[in-house]
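For reference, the structure discussed in these notes is given below.
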Amino acid sequence: MQDRLQQLINIFQKEKLDALIVSSIPNIIYLTFLSGFSKDEREAFLFITKNEKYILTDGRYSEAVKSKVPDFKLIEISSKISFEEALKTLVRKHNIKRLGFDGDNISFLEHKKLSRLLNDLNHFTLGRLRTIKSATEIIAIEKACNLGDKTFKFILGKIKKGVSEKELTFEIEFFIKKHGSDISFPPIVAFGKNSSVPHHVPTNNKLTNNQIVLLDFGVKYKNYCSDMTRTVFFGKPTIEQKRMYETVLLAQQKAIEFLSGKSDKEYPMQRILLGKNVDKVARDYIISKGYSSIPHSVGHGIGLEVHEAPHISPNSKDILKEGMVFSIEPGIYIPGFGGVRIEDLVVLEKNGPRLLTHSPKRIIEI
C-alpha cells in the first residue's frame, strides 16, 4: 500500500498539486485494499496530501476502516457533518491551494461543489497508476481466469436443446458463486442471430439445432477480474460459420504473434509496441477476408475493472509494457446471421506474451 501511495504522491507533486481527492471505488481499493463500497453510491472518498491520508465515509464502514486501514484518518460523514463541510475543513486545515481530482469519476455536480471551495482544480487520471500489474495482481487475475476456464468446461455440459439464454446465464453465475467468487460483469449468452450483437442481453430465446452459441463472461477473484469469450456450435457448423470462426481465430493468433515479435514482413515488429498496431494486425486480417471491420476494439486492459488501460484500439496511443494485462478479442458479426468472437487474456512478460486463459479454441460441436 505504501509503495502505491508514494507513487501517487510523487506524481501529484510533479503536477504541483497540494492534495488529491479520490472518488473511484477501484482506485480506493487500489490505494487502501479496502473493498465493499458500492459503485453506485457515493459512499467513500479519499483526501490525500503529502503528509496526511484521510478516508471520508459514513458510520456503516467505520469499523472496517479502523481495523483494515489504520494508516488513514477516518472522517465520519453524517447528518452532523456533510462531505462538503468535511472537505472545506480539510482544505482550510492543510492550506490547500491546488486540488487534483479523480477526473474520470467526478460528476458535473460534484465538480461544481468543488469549484465553490477552490478555483484551482486539476483533472488527474488516477487509473493509469494501475496499468502495470504487480506479481500479486497478476496471480489474482490468473486465478480468476482459472475459475473462468472451469466455468466454460462446466457450461458446455448445460448446452442442450430447449435451454434458454437466460438459463445458461444463471448457470454461469451460479457456478462461479458456488466456487466462492463473483462475476466480473453480467454474462453474455447469445444464440443464433443474436450472436451478431457484440453486447447482446440474454433473453428467453431457446436453443434449437444448428445454432451458434456465443459465451462471454468473467470472474472476480479478490477484486481482480477475468474476461473470456468462446463461440461454440450446437450442431454442425455451416461452411460460412466455419470460415468465420477460422478467420477470427487466425486474426487473434496473428495479434498475439505480433506481441511476441514473431510477426511477418507486412507488420514488422517495432521497438515501441503500440496498442493501435496490435489492433491493426487483427483488424486488417479480418477485413482482408472480406468481412466488415470489427465494431469494437481488439482488446482492453483488465484488473480491478473489466475495462481499463491499456487500450488495444485503432486510436490508442498506449505503449504496451511488461506487466500489463489485457484482452485480445477479435470478432466477426453479420446482422441477421450470427457472430463469432474469441477472447483471451494476455500478460506481457519479459519474454513476450503469456496467455492466462486456457480454454480450448478448436471448433467445438455439441
Q) Only one of Val346, Val340, Val306 is buried (at least 21 other Cβ atoms within 10 Å of the Cβ) and out of contact with any helix residue (DSSP H, G or I) (no Cβ under 6 Å at 6 or more places or on another chain); which? A) Val346
Q | Lone unmet requirement of (1) of a type in the set (A, V, I, L, M, F, W, C); (2) under 22 Å from Leu121 (Cβ atoms); (3) touching a strand residue (DSSP E or B) at 6+ places or on another chain (Cβ under 7 Å) for Ile25 | A | (3)
**Q.** Lone qualifier among Glu84, Glu52 - being in contact with a His (Cβ under 8 Å, 6 or more places away or on another chain) and in the same structural domain as Ile28 (by TED's automatic domain parsing)
**A.** Glu52
Q) Here is a list of conditions, (1) surrounded by fewer than 17 Cβ atoms within 10 Å (Cβ to Cβ); (2) touching a Pro at 6+ places or on another chain (Cβ under 8 Å), and Thr131 meets all of them except one; can you say which number that is? A) (1)
Q. Among (1) under 16 Å from Val306 (Cα atoms); (2) at pLDDT 95 or above; (3) in contact with a strand residue (DSSP E or B) (Cβ under 7 Å, 6 or more places away or on another chain), where does Arg130 come up short?
A. (2)
Q.
Against the condition touching a strand residue (DSSP E or B) at 6+ places or on another chain (Cβ under 6 Å) and loosely packed, with under 14 Cβ neighbours inside 10 Å, how does Glu329 come out, does it pass?
A. no
Q: Tell me, yes or no, whether the range 208-216 has at least one residue that is of a type in the set (Asp, Glu), surrounded by 21 or more Cβ atoms within 10 Å (Cβ to Cβ) and closer than 16 Å to Ile155 by Cα.
A: yes
(Q) On the basis of being surrounded by 16 or more Cβ atoms within 10 Å (Cβ to Cβ) and either of a type in the set (Val, Ile, Thr) or touching a residue at least 24 places away in the same chain (Cβ under 8 Å) (or both), does Ile188 make the cut? (A) yes
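The values are calculated or read from the model by the stated rules, or taken from the named source; none is laboratory data. Note that the coordinates shown come from a computational prediction; the quantities given were computed from them, not determined experimentally. Quick reminder, even Gly has a Cβ in these numbers, built from the backbone with ideal geometry, and neighbours come from all protein chains shown.
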